[in-house]
Ligand SMILES: Nc1nc2c(ncn2[C@@H]2O[C@H](COP(=O)(O)OP(=O)(O)O)[C@@H](O)[C@H]2O)c(=O)[nH]1
Ligand SMILES: [Mg+2]
């Protein structure tokens, strides 16, 4: 059996979570147009007859401004420990920045193979990608202690372009060994965690920009009864004014979030679901260790 870990890294919003979902063929990590959607290290597992690939999705590399931000960055740095390969994702529709280039260089000093993916190619013509390739050209040659990029692969998670090609390369990085996970598993996260993530995704999609970063989702109770899952969920925010925006006029926004989330959660659990959402204010929760732990961002457990 061949097996191995592959970390997916890059700036916020380049499509890391979309790429992991495309590689696994299941929606594991939530995806929104907003930066810093992914807060945690989250595994996506693909097992076939002769191999197991474990992908590690990570929060984007960013400057932390709270304890939650510190946690997110710690997730990024521990995600690369001991992995067999690293995939660094770039956005074809954005200019390649110096910090992205030095991030690639830094990763080339480590022992694992580095692949660079230029994602979102569906948004641009090839002329836009050539300058990026020439900026990266010197990194395709080894120099001193710095290894060379193994491959640069243009992809699109939207159309599925080159996802198989990337997967074939990555399969070549696996090593002989045991499976790390049961062949039926597709992620390391619990059902409860996935439910909270689905609710957070819908909240991020339907709320204004300034609020989403201040949201945490927590399951109070979850009871199965007569083939129905009854779930009571707290949405934690930082201010009273945010609370009324999340609830919306006559509860309309909260209702939309709940309805959209319910459809996805029913798919996940394979049964009918009844959700009650409660919005609570906890000022500055992103800096409170106990609230972070309640929500599941526990440095002791996840890092
Ligand atoms: N057009 C296009 N959009 C994409 C592609 N991949 C991801 N996106 C979008 O980019 C946004 C950020 O994606 P996400 O996977 O959450 O990025 P992450 O922050 O790097 O994990 C979402 O709106 C995605 O739908 C792609 O290949 N093409
Ligand atoms: Mg993400």
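The values are calculated or read from the model by the stated rules, or taken from the named source; none is laboratory data. As the structure is a prediction and not an experimental result, all values here were calculated from the model. Cβ coordinates were reconstructed from backbone atoms using ideal geometry, including for glycine residues, and neighbour counts include every protein chain displayed.
If the condition is being more than 23 Å from residue 26 (Cα to Cα), crowded, with 17+ Cβ neighbours inside 10 Å and in contact with a strand residue (DSSP E or B) (Cβ under 8 Å, 6 or more places away or on another chain), then the stretch 166-218 contributes 211, 214, 215, 216, 218. What number goes with the only condition from (1) within 16 Å of ligand 1 (Cβ to nearest atom); (2) free of Cβ contacts under 8 Å to residues at least 24 places away in the same chain that residue 98 does not pass? The single condition residue 98 does not satisfy is (1). Can we say residue 68 is within 16 Å of ligand 2 (Cβ to nearest atom), in a strand (DSSP E or B) and assigned by TED's automatic domain parsing to the domain that holds residue 142? Against the criterion (within 16 Å of ligand 2 (Cβ to nearest atom), in a strand (DSSP E or B) and assigned by TED's automatic domain parsing to the domain that holds residue 142), residue 68 does not qualify. Of the residues 11, 34, the single one that is surrounded by fewer than 21 Cβ atoms within 10 Å (Cβ to Cβ), within 13 Å of ligand 1 (Cβ to nearest atom) and closer than 21 Å to residue 115 by Cβ is 11.
(1) more than 23 Å from residue 176 (Cα to Cα); (2) away from ligand 2 (no atom under 13 Å from the Cβ); (3) crowded, with 17+ Cβ neighbours inside 10 Å; (4) under 19 Å from the mean Cα position of the chain (by Cα): which one isn't true of residue 63, the others all being true? Residue 63 satisfies all of (1) more than 23 Å from residue 176 (Cα to Cα); (2) away from ligand 2 (no atom under 13 Å from the Cβ); (3) crowded, with 17+ Cβ neighbours inside 10 Å; (4) under 19 Å from the mean Cα position of the chain (by Cα) except (3).
Residue 111 meets all of the listed conditions (1) closer than 26 Å to residue 174 by Cα; (2) at pLDDT 85 or above but one, namely (2).
Restricting 118, 129 to those that are part of a helix (DSSP H, G or I) and assigned by TED's automatic domain parsing to the domain that holds residue 55 reduces the list to 129. Of all residues in the stretch 137-165, those satisfying the criterion of being part of a helix (DSSP H, G or I) and either touching a helix residue (DSSP H, G or I) at 6+ places or on another chain (Cβ under 7 Å) or under 18 Å from residue 110 (Cα atoms) (or both) are 138, 139, 140, 163.
Among the residues of the stretch 2-19, the one identified as in a loop (DSSP other than H, G, I, E, B) and either closer than 15 Å to residue 85 by Cα or out of contact with any strand residue (DSSP E or B) (no Cβ under 8 Å at 6 or more places or on another chain) (or both) is 12. Within the stretch 40-53, the set of residues being touching a strand residue (DSSP E or B) at 6+ places or on another chain (Cβ under 9 Å) and part of a loop (DSSP other than H, G, I, E, B) comprises 40, 41, 50.
Out of 46, 24, 89, 54, I need the residue that is at pLDDT 85 or above, within 11 Å of ligand 2 (Cβ to nearest atom) and not assigned by TED's automatic domain parsing to the domain that holds residue 283. Which one?
89
Counted as qualifying within the stretch 244-303 are the helices (runs of 4 or more DSSP H) with 2 or more residues that are in contact with a strand residue (DSSP E or B) (Cβ under 9 Å, 6 or more places away or on another chain) and surrounded by fewer than 18 Cβ atoms within 10 Å (Cβ to Cβ), namely 252-269.
May I ask you to verify whether residue 37 is out of contact with any strand residue (DSSP E or B) (no Cβ under 9 Å at 6 or more places or on another chain) and either over 22 Å from residue 182 (Cα atoms) or outside the structural domain of residue 197 (by TED's automatic domain parsing) (or both)? Here the answer is yes, as residue 37 does meet what is asked.
Against the list (1) modelled with pLDDT under 80; (2) surrounded by fewer than 21 Cβ atoms within 10 Å (Cβ to Cβ), the condition residue 99 fails is (1).
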